[in-house]
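Read through the structure below, which is laid out as structure tokens, and then see the notes.
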Amino acid sequence: MAAATHSTRTAAARAEASGRADGAAVVADARAAFDRARGDLARDGVSPQRLRQTLALVLPVAEKLWSQNADLTGQLAQARTCPVTGLPTRAAWTAQAHHVIADGPTVVLLIDLDGFKPINDRFGHDAGDAILAHIGAGMTDWAATDGHAVGRLGGDEFVVAMADSPELSARIARLSALLTAPVRYRGRTISVGASIGLARTADLTGEDLANPLSALLKIADAEMYAAKGRSRRGRRLARVVPRPIRHLLARRAGR
């Protein structure tokens, strides 16, 4: 098994090195062709035959560059999208969240699923992936209605950036319902709970205003673990059950 794994990694490394070499060769060919074209166009009296020859050199390398750019664009899109949930990854979500904050008063929600690990342990990772995919699809639909920025930070942790509004409580209630909705998996019904931490830009002061997104995530993280009933280190403080959304909102609003 170890030998097979080493062989696979070696083959992948060779393929990556070969891809880099091919890319560098395309760029070198393109530079030479474009230099020749610029030189021909700058000179007077260049024959039509010479121009046709130059064009014949430029077109193929231009097509290779366009193809290479399309491949890189596709790879970047894949890297910025979680393959299981279809949601933006941390980097992609962060860029979106900055735009939401720039548009006005913002709420950030940090979500951690309750009871997710036991599902993986009991039914296998495919069952866990089924839960994650279901949540990803639901969050995508939920966000599309009002233009919220949603993402998966990793594991069973999700994040939302949304405009603050009077309808906030109802929107979070809908989100909570879809997060905890039962999922059918191989003839079984499985589900998880969800602890949600909330932070508002309206509550930020002082130094937090210099980097509002970082401050919001820190506050939401603390709220989420308070809702979960345990510390960051995992020490039990209370029963691990999410508090009602109305209590969470009331606590933030009262600060």
- Note on the structure: With +1 at each Lys and Arg Cβ and -1 at each Asp and Glu Cβ, the charge dipole magnitude of segment 86-205 around its Cα centre, to the nearest 20 debye, comes out at 360
- Just check segment 122-241 against the gyration tensor rule for me: Cα atoms, a ≥ b ≥ c as the square roots of the eigenvalues, rounded for a/c under 1.5, and otherwise prolate or oblate depending on whether a/b exceeds b/c. oblate
- Dipole magnitude of segment 31-70, debye to nearest 20 (Cβ charges: Lys/Arg +1, Asp/Glu -1, about Cα centre): 60
- Amide H contacts under 5 Å for ALA194, placed H, 5+ residues apart: ASP114
- Ordering 146-152, 168-174 by per-residue average of other C-beta atoms within 10 angstrom, highest first, gives 146-152, 168-174
- Message: If I model a spin label as a point 7 Å beyond the Cα along the Cα-Cβ vector, how far apart are those points for ALA222 and SER67 in nm?
- Response: 5.6
- Query: Along the charge dipole of segment 105-197, which of VAL108, GLY136, SER169 sits closest to the positive end, that is, farthest toward it, with unit charges on the beta carbon of Lys, Arg, Asp and Glu (+1, +1, -1, -1)?
  - Reply: GLY136
- Item | Percent accessible area from carbon and sulfur atoms, segment 27-70, protein chains only, probe 1.4 Å | 59
- Task: Could you rank the peptides 110-120, 41-51, 209-219 by their average count of other C-beta atoms within 10 Å per residue, with the highest value first?
- Result: 110-120, 209-219, 41-51
- Item | Whole-Hz ³J(HN,Hα) from phi, Karplus 6.51 cos²θ - 1.76 cosθ + 1.60, for segment 126-134, glycine and proline x | 5, 5, x, 5, 5, 4, 4, 5, 4
- Task: Could you list which residues have their amide H under 5 Å from that of ASP164, counting only those 5 or more apart in sequence or on another chain, with H placed in the peptide plane?
- Result: THR106, VAL107
- Task: Sort 197-207, 53-63 for me by packing, meaning the mean count of neighbouring Cβ atoms within 10 Å per residue, highest on top.
- Result: 197-207, 53-63
- Query: Taking the Cα centre of each part, how many Å lie between segment 153-193 and segment 38-63?
  - Reply: 59
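The values are calculated or read from the model by the stated rules, or taken from the named source; none is laboratory data. Not measured: the values here are computed from a predicted model. In this analysis, Cβ positions are derived from the backbone assuming ideal geometry, glycine residues included, and neighbour counts consider all displayed protein chains. Surface areas here come from the heavy atoms of the whole protein model, side chains and all, with no ligands, DNA or RNA. Shrake-Rupley method; radii C 1.70, N 1.55, O 1.52, S 1.80 Å.
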